[in-house]
Amino acid sequence: MSSLAPAGSPNTPVPAPSRAQVQTPEATPRRIPVAAPDLSGNEERYAVEAIRSSWISSSGAFLDRFEREFAALCDSQSALGVSNGTVALHLALMALDVRPGDEVLVPSLTYIATANACRYVGAEPVFVDVDPATWCIDPAKLEAAVTRRTRGIIAVHLYGHPADMDAINRLAAVHGLWVIEDAAEAHFATYKGRVAGSLARCATFSFYGNKILTCGEGGAVTVSDPQLALRMRTLRGQGVDPARRYYFPVTGYNFRMTNLAAAILCAQLERREQIVAKRRQVYAWYRERLAGAPGVGFQPIAPWAQITPWLMCLQITPEFGRSRQEVMAHMESQNIETRPFFIPLHTLPPFRAESRARNEHLPVTDRLAQWGINLPTYPGMTEGDVDRVCAALASARR
Ligand SMILES: *Cc1c(COP(=O)(O)O)cnc(C)c1O
């Protein structure tokens, strides 16, 4: 599943140990995946309830409840459930009337969906380097990337850390640009005390299996401008006229979320505080154990940020004495899954020719990506699991 999954392997099955494995003292220890969903609350009960009610399609009480609760939690007027986080970005760009030939400023250190969504509407993602202090798009480098064609900025809250939204919004206002938050990895993270999802024209979220909240596949857009929300609602549902059923004034899409998925999300929302608190605990255990380790760098946390850790991030610098590849292979030999940081998008086949033609240089992105690994991070981890990961990392040095 790892190689096929868009962003890791949330559901790596853990096979029951065979008799032979149990009896051998040096048996391979239990696998620690990089991510795993926590579905231990009312998820099953609500999914069964949705099925028994026969409301399994894209309307129903769970969907209404999810949209109402998620909007309130993200301090927004509306939330729209959609089928995944990629579609959420596509919907936001269409609602903002992004067109062929337009340019959108995006970071290169992000999941590929951020840039792919720009292409879906015919726009070109223009890559801007990240700030070493946040690892998110660098507000100081935006201005130089603005051209006559620039329409907006997608600020990604990378690995759970919010981007510097005030500086980004200020620059956007000067140039008449819109801003979208890609909050797929940062549910409930805060910026100067304000919650992700409330910090720009609109924000997008993912509920894929390895994300902070999940329903398997799902996404949402939060938005407070009622005109923009109405445009999104129309485009999400095949373009149907909200006041006239079966009449379609525009070309729309089927981007809807099901009531079945929303049922799972309602259960996740009930336990959001525990889920976020446990992620912060796992993150703190790692920081405690790895503090001062030579050749190990951490994700910086800006003084105004409260992060919701998505995947624990490390920089394995040359001082470590082993390459990132060697470290990852060693962890794998201990049955611990890790993953490399995102490969910078400006170096990938769909985008590199255009990036080269624009003469883009993104040294901070390149350096972070080259040395970065993610360690297992999920609410079901025990302190013992974190000990095992840290011990494996220490033994990679020898
Ligand atoms: C996961 C992710 C997405 C896409 O979400 P899906 O639900 O997998 O489509 C978009 N942007 C970022 C930054 C992500 O991490």
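The values are calculated or read from the model by the stated rules, or taken from the named source; none is laboratory data. Quantities reported herein were computed from a predicted structural model and do not represent experimental measurements. Cβ: placed from backbone, ideal geometry, glycine included. Neighbour counts: every protein chain shown.
Observations
Quick grid of which residues meet (1) without any contact (Cβ under 8 Å) to a residue 12 or more places away in the chain; (2) in contact with a strand residue (DSSP E or B) (Cβ under 6 Å, 6 or more places away or on another chain); (3) under 27 Å from Phe188 (Cβ atoms); (4) assigned by TED's automatic domain parsing to the domain that holds Ala92:
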site	(1), (2), (3), (4)
Pro107	no, yes, yes, yes
Ile112	no, no, yes, yes
Ala115	no, yes, yes, yes
Ala123	no, yes, no, yes
Ala144	yes, no, no, yes
Arg149	no, yes, no, yes
Ile153	no, yes, yes, yes
His157	no, no, yes, yes
Pro162	no, yes, yes, yes
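- Subset of segment 326-355 (residues that are more than 17 Å from Ala392 (Cα to Cα) and assigned to a helix (DSSP H, G or I)): Leu345, His346, Thr347, Arg352, Ala353, Glu354, Ser355
- With respect to the conditions (1) within 15 Å of Val156 (Cβ to Cβ); (2) without any contact (Cβ under 8 Å) to a residue 24 or more places away in the chain, Ser206 lacks only one, and its number is (2).
- Taking the conditions (1) part of a loop (DSSP other than H, G, I, E, B); (2) at negative phi; (3) surrounded by fewer than 18 Cβ atoms within 10 Å (Cβ to Cβ) in turn, Leu109 satisfies each one other than (3).
- Residue match in segment 377-398 (condition: modelled with pLDDT under 95 and either over 19 Å from the mean Cα position of the chain (by Cα) or within 30 Å of Lys192 (Cβ to Cβ) (or both)): yes
- In summary, Phe127 fulfils each of the numbered conditions (1) crowded, with 24+ Cβ neighbours inside 10 Å; (2) away from the ligand (no atom under 11 Å from the Cβ); (3) in a loop (DSSP other than H, G, I, E, B) with the single exception of condition (3).
- 3 or more residues within 16 Å of the ligand (Cβ to nearest atom): qualifying helices (runs of 4 or more DSSP H) within segment 206-298: 259-270
- Scanning segment 268-301 for residues that are of a type in the set (S, T, N, Q) and either surrounded by fewer than 17 Cβ atoms within 10 Å (Cβ to Cβ) or at pLDDT below 95 (or both) yields Gln274, Gln281.
- Scanning segment 66-123 for residues that are over 23 Å from Leu368 (Cβ atoms), among the hydroxyl-bearing types (Ser, Thr, Tyr) and touching an Asp or Glu at 6+ places or on another chain (Cβ under 8 Å) yields a count of 2.
- Selected residue [more than 13 Å from the ligand (Cβ to nearest atom) and either outside the structural domain of Thr214 (by TED's automatic domain parsing) or surrounded by fewer than 18 Cβ atoms within 10 Å (Cβ to Cβ) (or both)] from Gly197, Gly193: Gly193
- The residue of segment 342-376 that is nearest to the chain's Cα centre (by Cα), among those that are farther than 23 Å from Glu185 by Cα and among the polar types (S, T, N, Q), is Ser355.
- Ala133 being more than 25 Å from Gly252 (Cβ to Cβ) and in a helix (DSSP H, G or I): no
- Top-ranked residue in segment 130-159 [being away from the ligand (no atom under 14 Å from the Cβ) and farther than 23 Å from Val174 by Cα; ranked as surrounded by the fewest Cβ atoms within 10 Å (Cβ to Cβ)]: Pro132
- So Thr338, is it among the β-branched types (Val, Ile, Thr), more than 21 Å from Glu143 (Cα to Cα) and surrounded by 15 or more Cβ atoms within 10 Å (Cβ to Cβ): yes
- Among (1) within 23 Å of Arg352 (Cα to Cα); (2) surrounded by 20 or more Cβ atoms within 10 Å (Cβ to Cβ) - the single one Ala95 does not satisfy: (1)
- Any hit, segment 81-93, residues being away from the ligand (no atom under 14 Å from the Cβ), outside the structural domain of Leu345 (by TED's automatic domain parsing) and at pLDDT 95 or above: no
For every residue, the table says whether it meets (1) under 15 Å from the mean Cα position of the chain (by Cα); (2) part of a loop (DSSP other than H, G, I, E, B); (3) surrounded by fewer than 17 Cβ atoms within 10 Å (Cβ to Cβ); (4) of a type outside the set (A, V, I, L, M).
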| residue | (1), (2), (3), (4) |
| --- | --- |
| Ala36 | yes, yes, no, no |
| Ala47 | no, no, no, no |
| Arg52 | no, no, yes, yes |
| Ser57 | no, yes, yes, yes |
| Ala71 | no, no, no, no |
| Thr86 | yes, no, no, yes |
